[in-house]
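The values are calculated or read from the model by the stated rules, or taken from the named source; none is laboratory data. Here the structure is a predicted model, which means the values were calculated and not measured. Positions of Cβ are backbone-derived with ideal geometry, glycine not excepted, and every protein chain shown enters the neighbour counts. To get the accessible areas, we keep the full protein, side chains included, count just its heavy atoms, and leave off ligands, DNA and RNA. Shrake-Rupley method; radii C 1.70, N 1.55, O 1.52, S 1.80 Å.
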Amino acid sequence: MLPRLRTELDFFPSPVSDKPGLVLRDPFRYSDATLIIPAPLVGCLEFFDGEHSELDLREYLVRVTGELDVGRLAEHLLDALSQAAFFDDETFARRKEQAERDFAAARVRLASQAGGGYPADAPSLTETLAGYMQDAPAPDGRVLAIAAPHISPFGGVDAYRAAYSALSPADADRTFVILGTSHYGQPDRFGLTRKSFATPFGEAVTDTALVEEIATAARDGAAMEDYCHAVEHSIEFQVVFLQHLFGPGIRIVPVLCGSFARSIYTGGMPEDNDNVRRVFGSLGEIAAREGDRLLWVLGIDMAHMGRRYGDGFEARAGEREMQTVEQADRARIDRMEAGDARGFWDLVQRKRDHLKWCGSSPVYTFLQAVPSARGRLRHYQQWNIDEDSVVSFAGMKFHSS
């Protein structure tokens, strides 16, 4: 039988005009390989489900190529996928085990987005972020929290600027509790790490005492030294903006929030899960005890619409269907501004989150942990991530009621 393809791989149309087909890559970076499956061979991937044989694959290749001798083509496809560790097999298991062991043993969490989402050297990064923050509005009062995108900064410049311009030099000595979306973690689970975050600016220091306090309360609801931190961007982008404003040695509490998918699709509230409820309680106790010593940062994107995200329409920022999406986004933002956790979650559950928000779990976690929070929208934005797909996000600030 043919091996089974890993279900968590990324699949998307090739952006290379002279190489049409389907791109396969590993979002966990257990493998650094990126493969483009030529368009005529994309159908072959359906045979790697653990239920088809190599003979089935060869019969299919004969049909699509019109050639009888397809053995070498089948072997080449098998070898390419196997060497890339894209099969759920022993090769992948070894790669996974080694990567997770390496992360656990590392002294710091290394930057995963430097050279991609932002420049890899400090002078260039300083120049880039200074450009992003140019002509930013002045801070207007004490801030309890901000919400910023976690899209690559070049795509969400206006929203990032709106969020981070709410901060002032007086915030430099606070500890930043960063609640980021966990794109790869398990539902109803939080990801923690004791590691400092290394970026081109230097090391942001993790408050291990607060991390340990959350972990102790969470028990099975949190994974310590969660490998997802090694590849996740939702916290890293916030760290570099904070370092740009306040220097490399900021204090952080990095918390990845897994989706509350069970609540969205089967009903009930996230806190019906004992593990989730314990984390909410621990964060709430920390918020009440530490007060103004903390500043909360939410790394969230909002709606994901269009072809890339499985919708049957071509999405254009601010046009047609995306005008309706903006109305629905703003209804949720209104509940965030009001500090209405239940009202916010009711809207997320409606139509099983048809907006596909990539940030609802950090938002709900924050509203539960800090019920006194009241927000204000500073900027709403939509951005075409490709020709047919749009992501929305916002820059927000929160204060205590």
*asked:* Taking every alpha carbon pair in the chain, what does the distance histogram look like in 20 angstrom bins from 0, in percent?
replied: 26, 55, 17, 1
*Under the Kirkwood approximation applied to all pairs of distinct alpha-carbon atoms, what is the hydrodynamic radius of the range 301-401 in Å?*
13.8
*Would you kindly derive the ³J(HN,Hα) couplings of the range 209-222 from the backbone phi angles with the Karplus curve 6.51 cos²θ - 1.76 cosθ + 1.60 (θ = phi - 60°), listing them in order in whole Hz, with x for Gly and Pro?*
5, 5, 4, 5, 5, 5, 4, 4, 6, 6, 6, 6, x, 9
*Amide proton proximity set for Phe190, modelled H, under 5 Å, gap of 5+*: Ala222, Ala223, Gly258
*Whole-Hz Karplus ³J(HN,Hα) for the range 28-41, in order, using 6.51 cos²θ - 1.76 cosθ + 1.60 and θ = phi - 60°, x for Gly and Pro?*
7, 6, 5, 10, 8, 6, 10, 10, 10, 7, x, 3, x, 9
*Are there chymotrypsin sites (Phe, Trp or Tyr not before Pro) in the range 296-362 that DSSP puts in a loop and that have at most 13 other Cβ atoms within 10 Å, and which ones?*
Phe313
_If packing is taken as the average count of other Cβ atoms within 10 Å, what order do 28-36, 184-192 fall into, highest mean first?_
184-192, 28-36
_Inverse of mean 1/r across different Cα pairs in the range 347-401, Kirkwood, Å_ = 13.1
_Per residue, in Å², the accessible surface of the range 82-136 once ligands and nucleic acids are set aside, probe 1.4 Å_ = 57
*Kindly rank 113-121, 10-18, 50-58 from highest to lowest mean number of other beta carbons found within 10 Å of each residue.*
113-121, 50-58, 10-18
*Which angle between 0 and 90 degrees, to the nearest 10, do you get for helix 321-337 versus the longest principal axis of the chain when only C-alpha atoms count?*
40
*Return the calculated 222 nm mean residue ellipticity for the chain, to the nearest 500 deg cm²/dmol, obtained by summing -39500 (n - 2.57) across DSSP H runs with n ≥ 4 and dividing by the residue count.*
-11000 deg cm²/dmol
_Point-charge dipole on Cβ atoms (K/R +1, D/E -1) for the range 265-338, about Cα centre, debye to 20_ = 100
*Place the peptides 67-77, 241-251 in order of packing, highest mean first, counting for every residue the other Cβ atoms within 10 Å and averaging per peptide.*
241-251, 67-77
_Let me test this: with uniform point scatterers at the alpha carbons of the range 161-202, what is the Debye-based log₁₀ I(q)/I(0) at q = 0.25, 0.28, 0.34 1/Å?_
-1.11, -1.13, -1.19
*Note down the relative contact order for the range 23-150 as a percent, whole number, built from C-alpha pairs under 8 angstrom at least six residues apart.*
16
*Return the sequence-ordered ³J(HN,Hα) values of the range 244-250 in whole Hz as given by the Karplus equation 6.51 cos²θ - 1.76 cosθ + 1.60 applied to θ = phi - 60°, using x for Gly and Pro.*
4, 7, 10, x, x, x, 4
_Sites Ala105 and Glu46 - FRET efficiency at Förster radius 30 Å, r taken between beta-carbons, to 0.05_ = 0.20
_To the nearest 20 Debye, how big is the dipole of the chain about its Cα centre, given +1 on the beta carbon of each Lys and Arg and -1 on that of each Asp and Glu?_
1180
*Excluding residues on the same chain fewer than 8 positions from Lys397, give the lysines whose Cα lies under 18 Å from its Cα.*
none
*Dividing the Cα convex hull volume of the range 203-283 by residue count, how many Å³ per residue is that?*
110
*Name the residues of the range 168-186 whose amide N is less than 17 Å from a point 7 angstrom out from the Cα of Tyr265 along the C-beta direction?*
182-186
*Share of the chain's accessible area from carbon and sulfur, percent, 1.4 Å?*
49
*Please give every one of the aspartates and glutamates within straight-line cross-link reach of Lys356, meaning a C-alpha to C-alpha distance under 15 Å, and leave out same-chain neighbours fewer than 8 residues apart.*
Asp301, Asp311, Glu321, Glu326, Asp329, Asp346
*Based on a Kirkwood Rh over C-alpha pairs, give the Stokes-Einstein translational diffusion coefficient of the range 1-87 at 20 °C and viscosity 1.002 mPa s in µm²/s.*
160
*Just tell me which aspartates and glutamates come within less than 14 Å, Cα to Cα, of Lys96; anything on the same chain fewer than 8 places away is out.*
Glu8, Asp26, Asp32, Asp88, Asp226
